[in-house]
Amino acid sequence: MLAPKKRAHEILDQIGVFGRKNASEFTIHRWKTQAKSLAESDIVDSKRILAIIGVYENNFEIAKKNFEQALALSNYENSLVLCDYAQALLMLGKGEDALSYLVKAFNIEPSAKTLDRILTLSNSLIYPDVLNEIRTLVTKLNINTDLYLPLIEETILKVNENIEFIEQIGVSVSSYRSMINLSDLVLYSKFYTQTKIAACKLDDMINTIIYPEHLTADDISELNDDFVENVIKAEIPLDDLLKISIYFSFDHQESRDVA
């Protein structure tokens, strides 16, 4: 019989790291059955995997319920569950909430990988408050300060530059964040990526970043159509939408010419 952690790893392997969400109802039912079979020996991973399956099915309520049960069962001290919850929130278009869970995970397990995810997401959402919180936390914990603090300071500079640019073109930060969250929601409603586990320790090195080359031309066309359809429903001022579309297009990423 496989050890519980290895069994959990195998179930996650079946769900996949990156790819289109095209599993049949039968396959998803099998995943759920396998996850539930872990409950007697590893209830936390059982709930965690059921939560991940909920994300795969775009069912936030199921994902949230199982993640919160996994956290309660682990006394809110399992950094891996916190990181996975953050990943789920990001995929469901809730980037700000994702950041808060990553910070909680970092407070428990201050790994370089978790810090990298915090810095990347803070920069993407232009969220300086979280960076200031992390800087204070790293100083307080006095862990890898020579490595971590310069990275945090560098990201703070980038975020401040982005805020200055957004203010310069007259776009509200909240509108920009809404666009970023919406783009994540649209992408992950069709495609799936996860953080996997190895043995019994936190190991999220296999967390896959989606690059454009992973997507076909048909994929991109479909996602663009979905984005336009959803952005029409979003409560984002039209003026902000137009400016973001112009200044944050691929052609403007390098120069950011606001003349």
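Points worth noting:
- Pick from segment 50-63, criterion touching a helix residue (DSSP H, G or I) at 6+ places or on another chain (Cβ under 6 Å) and of a type in the set (A, V, I, L, M, F, W, C), ranking: surrounded by the fewest Cβ atoms within 10 Å (Cβ to Cβ): Ile62
- For Lys36, the test of being under 26 Å from Asp97 (Cβ atoms) and either out of contact with any strand residue (DSSP E or B) (no Cβ under 8 Å at 6 or more places or on another chain) or touching a residue at least 12 places away in the same chain (Cβ under 8 Å) (or both) is failed.
- Selected residue (criterion: surrounded by the fewest Cβ atoms within 10 Å (Cβ to Cβ)) from residues of segment 208-250 that are small (Gly, Ala, Ser) and at pLDDT below 80: Ser249
- Taken over segment 39-72, residues that are among the aliphatic types (A, V, I, L, M), assigned to a helix (DSSP H, G or I) and free of Cβ contacts under 8 Å to residues at least 12 places away in the same chain amount to 1.
- Answer from Lys47, Lys36 - the residue that is more than 25 Å from His214 (Cα to Cα), charged (D, E, K, R) and surrounded by fewer than 23 Cβ atoms within 10 Å (Cβ to Cβ): Lys36
- Candidates Leu141, Leu125, Leu185 - the one that is among the hydrophobic types (A, V, I, L, M, F, W, C), more than 27 Å from Ile52 (Cα to Cα) and modelled with pLDDT under 95: Leu141
- In segment 106-126 there is at least one residue matching the filter, namely being closer than 30 Å to Ala8 by Cβ, in contact (Cβ under 8 Å) with a residue 60 or more places away in the chain and of a type in the set (Ser, Thr, Tyr).
The values are calculated or read from the model by the stated rules, or taken from the named source; none is laboratory data. Source: prediction; values computed, not measured. Note that each Cβ is placed from the backbone with ideal geometry, even for glycine, and that neighbours are counted across all protein chains shown.
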